[in-house]
Amino acid sequence: MLIVNPFATSTTEAGRDALRDTLTASLRRPGDAVTTSNGFDVTVEHTTHRGHAGELAAIARAEGYDVVVVHGGDGSVNEVVNGLLDSPAVPAVGPPSPALAVVPGGSANVFARALGIDPDPLKATGQLVDLLATGQRRRVSLGHTDNRWFLFNAGLGVDARVIKSIEEQRTAGHQATAGRYFWTTVRTFIGAARDTPTLTVRIPDADPVDGVHFAFVSNASPWTYLGTRPIETNPGTNFDNRLGVFASRSMNPIRNLPLARQLLSKRSTPHVRHLLRADDVDAVEITSTEPIDMQMDGEYLGTRTALTVHCRAAAVEVVAPKS
């Protein structure tokens with residue numbers, strides 16, 4: 001099944017048609033099933049509303065599809081994964097899930113790029129055909145919280161406020177460019193410099209850390225991308241191990257300049273005195289004395305006062321280069 005989000009940031013009608021034609025060998029209406037010259041039976045579906053990608057993925061699982069290809073952004077991929085799998089509260093049993101494949105169509109495409117998928121949709125389409133033809137697949141871990149799977153990160157605080165602002169700007173008709181993300185992040189960070197910290201972070205076998213302004217929990221590295229540059233909060237975290245934690249006890253712009261330089265460096269591991277950073281963590285508990293903004297895989301999810309985050313190894317099979 002090919003699930004296309006026609007409203008994703010960087011998808012175009014021409015690009016969607018090229019992807020569909022490549023996989024089906026002829027242009028068909030959404031919902032038509034055809035057999036390609038490569039032997040693939042392909043059903044094409046276009047999403048029409050929030051949550052639709054997850055609904056389609058659940059149908060693909062119920063009907064025994066082998067692969068679900070998503071052409072959209074990280075939000076669409078998150079929906080599909082949550083449709084393909086049982087809820088995190090259910091043990092890892094039950095009918096097998098289709099493998100997941102991604103052709104990037106969003107603004108950041110963190111999950112696909114972390115898997116080694118080319119960010120250019122046309123190049124990624126050719127890459128996908130090769131991967132399907134050679135049977136290259138791997139299983140990757142997933143994080144989960146709020147009874148929902150996440151692909152690469154979840155955060156409380158300033159990053160969620162940035163995403164909330166970007167979503168509001170997109171609703172107002174502005175494009176989500178790398179420059180817009182950068183300046184929105186700078187404005188949001190400076191605006192939050194005088195906020196009182198509300199978070200306490202707990203990880204196994206360590207004392208609780210309070211007075212925290214913001215906290216990120218990662219399932220992969222990089223945490224995100226600024227244009228072509230990866231931003232790595234937890235270089236030691238990947239799809240084959242457990243969670244990474246990155247939490248700051250300071251919002252002071254001067255104190256955080258060294259941290260910003262480290263995050264933008266290709267060689268440096270973040271390390272400043274006011275930073276809690278850990279890799280390969282089994283679980284993370286975060287509480288807040290007041291409701292605080294939350295994001296998951298780049299989607300704003302409102303406010304929370306508590307989150308417990310876990311990880312499940314080899315949770316989903318993906319069509320991707322070997323790790």
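Figures for the structure shown
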item	result
Karplus-derived 3J(HN,Hα), 6.51/-1.76/1.60, for each residue of segment 63-72, Hz, glycine and proline x	8, x, 5, 7, 9, 10, 9, 10, 10, x
By accessible area with a 1.4 Å probe, ligands and nucleic acids excluded, highest first: order of Thr303, Thr289	Thr289, Thr303
Between segment 172-209 and segment 55-116, the alpha-carbon center distance in angstrom	28 Å
Choice from Phe182, Phe150, Phe111 showing the highest fluctuation, given a GNM over the chain with Cα pairs closer than 10 Å	Phe182
Paramagnetic label zone (point 7 Å from Cα along Cα-to-C-beta, Leu122; backbone N under 18 Å) in segment 279-323	none
Where labels lie 7 Å past Cα in the beta-carbon direction, separation of Thr305 and Asp240 in nm	4.3 nm
Eligible lysines near Lys123 by straight Cα distance, threshold 20 Å, same-chain separation 8 or greater	Lys322
Cα point-scatterer Debye curve for segment 142-278, base-10 log of I(q)/I(0) at q = 0.10, 0.11, 0.19, 0.22 Å⁻¹	-0.33, -0.40, -1.29, -1.66
Per residue convex hull volume, Cα atoms of the chain, in Å³	126 Å³
Under 20 Å from Lys266, Cα to Cα: aspartates and glutamates that are on another chain or at least 8 residues apart	Asp118, Glu232, Asp279
Compactness index (Cα Rg / 2.2 N^0.38 Å), segment 63-191	1.20
R0 of 51 Å, Cβ-Cβ distance His49-Asp205: FRET efficiency to nearest 0.05	0.70
Relative contact order of segment 201-252, pairs being alpha-carbon contacts under 8 Å that are 6 or more residues apart, as %	39 percent
Degrees between helix 158-171 axis and first principal axis of the chain (Cα, 0 to 90, nearest 10)	50 degrees
Apportionment of accessible area to carbon and sulfur, the chain, percent (1.4 Å)	51 percent
For the chain: relative contact order, % (alpha-carbon pairs under 8 angstrom, 6 or more apart)	19 percent
Ellipticity estimate at 222 nm from DSSP helix runs (n ≥ 4, -39,500 (n - 2.57)) divided over the chain, nearest 500	-9000 deg cm²/dmol
Surface per residue (accessible, 1.4 Å probe) for the chain, Å²	46 Å²
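The values are calculated or read from the model by the stated rules, or taken from the named source; none is laboratory data. Please read all numbers here as calculations on a predicted model, not as lab measurements. All Cβ positions, even for glycine, are placed from backbone atoms using ideal geometry, and neighbour counts span all protein chains on display. Note: accessible area is taken over every heavy atom of the protein model, side chains too, but ligands, DNA and RNA are not part of it. Shrake-Rupley method; radii C 1.70, N 1.55, O 1.52, S 1.80 Å.
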